[in-house]
1. Looking at S73, is it at pLDDT below 80, part of a helix (DSSP H, G or I) and small (G, A, S)?
2. Restricting attention to the stretch 21-57, report how many residues are part of a helix (DSSP H, G or I) and either touching a residue at least 12 places away in the same chain (Cβ under 8 Å) or of a type in the set (K, R) (or both).
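The values are calculated or read from the model by the stated rules, or taken from the named source; none is laboratory data. In this text the structure is predicted, and so the values were computed from the model without any measurement. Heads up, the Cβs are rebuilt from the backbone with ideal geometry, glycines too, and the neighbour counts pull from every protein chain shown.
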Amino acid sequence: MSTGNEPTGQDKAILTAGSANADAIIAGLQTVDNAVAALKARRERDPETLGDKILLFALPTIAGVVVGRIMRSVWAGIERRSIAGGNTKATTSLVASLSRTAISAAVAAVTNQLSSMAAQSIVSRRHR
């Protein structure tokens with residue numbers, strides 16, 4: 001006995017097509033979900049953004065340039081005073097050149113190390 005609410009052959013075909021379409025939609029959503037999970041995992045492995053990487057590069061570079069300019073001014077002032085005092089040997093000797101080079105290298109190394117640590121500290125603080 002039929003109540004009139006039972007699906008006909010054409011209705012069954014539509015339901016089957018709808019079920020296949022739903023399966024395709026679910027498969028597409030699964031693909032998107034897997035892609036999002038992969039991006040999340042990659043982000044957790046390397047949490048630094050482009051801005052963080054630029055900061056980690058730029059801060060030590062800018063600090064090095066600034067300290068280099070300051071050191072050049074300091075050495076120029078010392079040289080001027082030595083020449084004004086009549087001591088030209090102090091600015092042209094090998095020992096003076098080597099000591100000036102060693103001091104400049106030490107100051108540059110300390111500046112680079114401290115500015116790198118400061119940049120890393122800023123980035124770490126942002127990630128908390």
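1. No, not satisfied.
2. Final tally of qualifying residues: 8.
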